[in-house]
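Comments concern the structure below.
The values are calculated or read from the model by the stated rules, or taken from the named source; none is laboratory data. Not measured: the values here are computed from a predicted model. With ideal geometry, Cβ positions are generated from the backbone for all residues, glycine too; neighbour counts draw on all protein chains shown.
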Amino acid sequence: MLLQLTASPTRATETSLALPYELPELGDLAMRGVTIGPIESALHPGRGYGSPLFERGLDEALRLGATWISLTPFGRVWDLQGTGVDKTFELTFADNQRALARAIRQAHARGLRVLLVPHLWVESGQWRGELDAKTDEGWRLFAESYRKYVLEWARFAAKNRVDMLSVGVELRSWVTTTYAPSFFPILRDIRAVYPGPLTYAANWDDVEQTVILGELDVIGVNAFYPLTDKQSASDAELVQGGREVAKKVRALAELWGKPVVFNEFGYTARSDPALRPWEWPDKMSGITADARAQAAAYRGLLAGMLETPELLGGFVWRLYADPDDLSQEAEWGFSPRGRAAELVLRDAFWARWSSDRDRLARRSLFRPPALVPGLF
């Protein structure tokens with residue numbers, strides 16, 4: 001059965017439209033999500049997933065208007081040669097899973113749904129999307145190691161009733177290349193142990209080349225899209241950039257016949273964060289903190305997100321397991337907490353989205369339709 005969503009890509013109305021695909025069971029409302037992490041740190045005992053401080057973070061997410069959270073356990077590879085995945089990351093794997101299980105129970109107790117996103121951390125400091133096992137045999141061995149790693153989390157997700165599972169994050173050199181067919185057996189194995197909907201977090205600039213999307217339930221994008229090609233873009237120009245992103249989302253959904261979710265979205269609190277958002281400020285010089293620029297970038301991207309029925313929602317990157325822990329990033333980092341971007345998010349999360357379903361029954365929950373999120 002096709003679920004009915006709003007018709008207009010430019011204005012939320014009471015008109016409905018049947019999308020050309022079936023939607024997984026993800027609830028009636030758009031996924032207003034928050035990524036909470038990082039988590040597995042022996043240097044911060046009592047501040048990670050499942051802790052009382054993490055419960056404070058969940059309560060903050062609820063007040064923000066979140067309906068979902070994303071949890072991000074890590075496995076380790078030592079360098080880009082990808083000889084194998086070590087499922088232990090700082091704490092033991094068993095300790096991490098116990099903490100994650102507590103965190104999921106805490107989230108579910110508050111009515112929050114959970115996306116579980118197993119990541120790979122490259123110890124050499126390089127990007128996981130550039131993994132290169134060099135030879136066919138090297139890739140075969142890496143694929144088998146990754147299979148064991150992700151199946152551990154798939155079984156965990158089934159046992160703990162995780163609401164959606166990501167099968168990977170930014171594995172460009174694997175799933176956009178001739179080695180991609182080795183991923184399909186892994187997906188079949190995951191389906192055999194985890195009954196819920198599956199996504200994969202493609203990078204924004206390679207999602208169109210990611211050949212495994214047809215085997216997923218929801219197309220996932222780490223949506224660090226640029227909204228402009230010039231410095232000091234106006235707010236109106238950033239909003240137009242967000243609407244250009246929305247066009248790409250619609251085309252992607254139409255191409256694959258599947259809905260889209262932003263597994264990660266957000267911008268840093270620095271000058272011109274929407275110009276080249278993939279550039280991490282801690283590797284740049286002369287950075288100036290600019291909370292207003294961060295808020296303007298959020299507002300621009302969210303303008304398109306609210307208006308796009310093919311987009312099921314997105315997950316802000318990111319808040320922290322201990323809300324008061326300021327040691328995780330510099331003042332120009334990604335967290336919107338306590339900045340103008342938090343107000344933009346709150347305004348957007350409590351507005352109606354084009355991908356909200358059963359909206360007539362839930363009208364009183366939300367403010368009137370918002371074409372562009374602003375400040376309260």
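Before we move on, is residue 334 part of a strand (DSSP E or B), in contact with a Gly (Cβ under 9 Å, 6 or more places away or on another chain) and within 14 Å of residue 34 (Cα to Cα)?
So residue 334 fails the test.
So which strands (runs of 3 or more DSSP E) are wholly in region 195-314 and hold at least 3 residues that are hydrophobic (A, V, I, L, M, F, W, C) and either surrounded by fewer than 24 Cβ atoms within 10 Å (Cβ to Cβ) or modelled with pLDDT of 95 or more (or both)?
Details: elements: 198-203, 219-222, 260-265.
It comes to 198-203, 260-265.
Could you tell me whether region 167-179 includes any residue that is closer than 26 Å to residue 28 by Cα, part of a loop (DSSP other than H, G, I, E, B), touching a residue at least 24 places away in the same chain (Cβ under 8 Å) and of a type in the set (Val, Ile, Thr)?
No, region 167-179 has no match at all.
With respect to residue 25, is the statement that it is surrounded by 18 or more Cβ atoms within 10 Å (Cβ to Cβ), modelled with pLDDT under 85 and acidic (Asp, Glu) true? Step through it out loud before you land on a result.
Details: surrounded by 18 or more Cβ atoms within 10 Å (Cβ to Cβ): no; modelled with pLDDT under 85: yes; acidic (Asp, Glu): yes.
Criteria not met by residue 25.
Which condition breaks for residue 154 when tested against (1) without any contact (Cβ under 8 Å) to a residue 60 or more places away in the chain; (2) assigned to a helix (DSSP H, G or I); (3) out of contact with any strand residue (DSSP E or B) (no Cβ under 7 Å at 6 or more places or on another chain)?
(3)
Pairs only if they're at least six apart or on different chains, beta carbon under 7 angstrom, first in region 277-297 and on the phi < 0 side of the Ramachandran plot, second assigned to a loop (DSSP other than H, G, I, E, B) and among the polar types (S, T, N, Q); list them, first residue then second.
281/268; 288/271; 290/271; 293/271; 294/268
Taking the condition of being in contact with a Lys or Arg (Cβ under 8 Å, 6 or more places away or on another chain), modelled with pLDDT of 90 or more and of a type outside the set (Ser, Thr, Tyr), how many residues in region 32-53 meet it?
Residues meeting the conditions: 4.
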